[in-house]
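Everything on this sheet refers to the single structure shown next.
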Amino acid sequence: MTAQQLADLMPDATQLESNEPEMESSLHYAQLALLVACLEWLWRDDLIVELLSPATEKTDRSLKKALYQDRFRTPEYFWFSPETLEFEGYRLVGQHYLMNFHPG
């Protein structure tokens, strides 16, 4: 797949209402697409995947994780860093997230 084909697949960020930064590159998009494609067979319930960036990483790991756990009761929560390739996942068990996936 060419960079232009990847760019054509990216959503039109001008149509979204969000304070989050746009995807930084087609590489980030490709990494997220690969992550979702590889894990799609696992996901049978609602889940959230955060694409970490230096600007949002602290909020994603703390405030958002707590919000998804306590308020939205999201069954599974993952984050992925395209910069470090860190991938971590949590599953809601009772009232709290337990680490479900951490390679290495």
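Name the single residue that is modelled with the lowest pLDDT among those in the stretch 8-56 being acidic (Asp, Glu) and in contact with a strand residue (DSSP E or B) (Cβ under 8 Å, 6 or more places away or on another chain). Lay out the reasoning, then the answer.
Of all residues in the stretch 8-56, those acidic (Asp, Glu) come to 8, 12, 17, 20, 22, 24, 40, 45-46, 50.
If we keep only those that are in contact with a strand residue (DSSP E or B) (Cβ under 8 Å, 6 or more places away or on another chain) too, we end up with 45-46, 50.
Numbers: Asp45: 62, Asp46: 77, Glu50: 88.
Checked the stretch 8-56; the qualifying residue modelled with the lowest pLDDT is Asp45.
Annotation note: Cβ proximity below 7 Å between a residue of the stretch 71-88 that is exposed (fewer than 14 other Cβ atoms within 10 Å of the Cβ) and a residue that is in a strand (DSSP E or B) (sequence gap 6+ or interchain) occurs for Arg73/Leu92.
The values are calculated or read from the model by the stated rules, or taken from the named source; none is laboratory data. The model shown is predicted, which means the values in this text are computed figures rather than measured ones. When we count neighbours, we look across all protein chains shown, and the Cβ atoms used for this are built from the backbone with ideal geometry, even at glycine.
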